[in-house]
Amino acid sequence: MFENKFNHIVKRQKSVKFPILLCFIYLFAVFLSGCSGDEPPNADTPEPAAHNGVFRSVVGSLTFNGDGESVIVCFEDEFAGDAGLPIGEHEGNYVFKFQQKAYRYDKAESFCIYIGDKEYSFQNIFQETNENVISVTSPVDAKKTLQFKK
């Protein structure tokens with residue numbers, strides 16, 4: 001008789017643990033979905049004006065005309081060859097993106113340049129990028145930051 005009561009208690013404990021485990025898994029999944037980073041950084045300030053003028057770095061220059069779309073790029077030959085970028089001066093278009101959608105440069109995670117039918121993407125360091133500086137991770141050495149300054 002004691003053994004029957006014991007087995008009944010053990011079975012009940014197992015049946016109670018399963019719903020608790022399911023509830024825990026559900027709450028954990030909800031928590032992870034909230035931390036996915038799918039939302040852009042908070043844009044709590046007015047959107048900055050489009051880049052305008054020549055921005056130079058040790059690896060080349062970016063020339064913007066202020067329309068928020070067109071750019072003339074000119075990368076140093078060795079850097080361009082190492083990074084898989086076009087050598088020499090080229091006209092193209094650009095966009096700053098967050099999660100593959102156009103977004104303001106001071107909050108975007110990437111900086112993309114389109115020349116012809118090719119896309120060249122750089123990781124934007126948005127904490128440093130502003131109206132006078134474009135700061136990206138080097139495509140040649142991810143430990144280095146490239147700053148294009150006006």
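The values are calculated or read from the model by the stated rules, or taken from the named source; none is laboratory data. Note that the structure is predicted; figures quoted are calculated from it, not measured. Cβ coordinates were reconstructed from backbone atoms using ideal geometry, including for glycine residues, and neighbour counts include every protein chain displayed. These accessible areas exclude ligands, DNA and RNA; they are computed on the full protein's heavy atoms, side chains included. Shrake-Rupley method; radii C 1.70, N 1.55, O 1.52, S 1.80 Å.
A few comments on the model shown:
- Each label point was placed 7 Å from the Cα along the Cα-to-Cβ direction; for Asp77 and Gln127 their separation is 3.8 nm.
- Approximate spin-label separation Asp141-Glu69, in nm, with each point projected 7 Å along Cα-to-Cβ: 3.8 nm
- Solvent-accessible heavy-atom area per residue, rounded to whole Å², over the range 102-150 at 1.4 Å: 55 Å²
- Inter-label distance, nm, simple model (7 Å from Cα along the C-beta direction), Gln99/Thr45: 2.3 nm
- Ligands, DNA and RNA aside, Thr45 has an accessible area near 70 Å² when probed at 1.4 Å.
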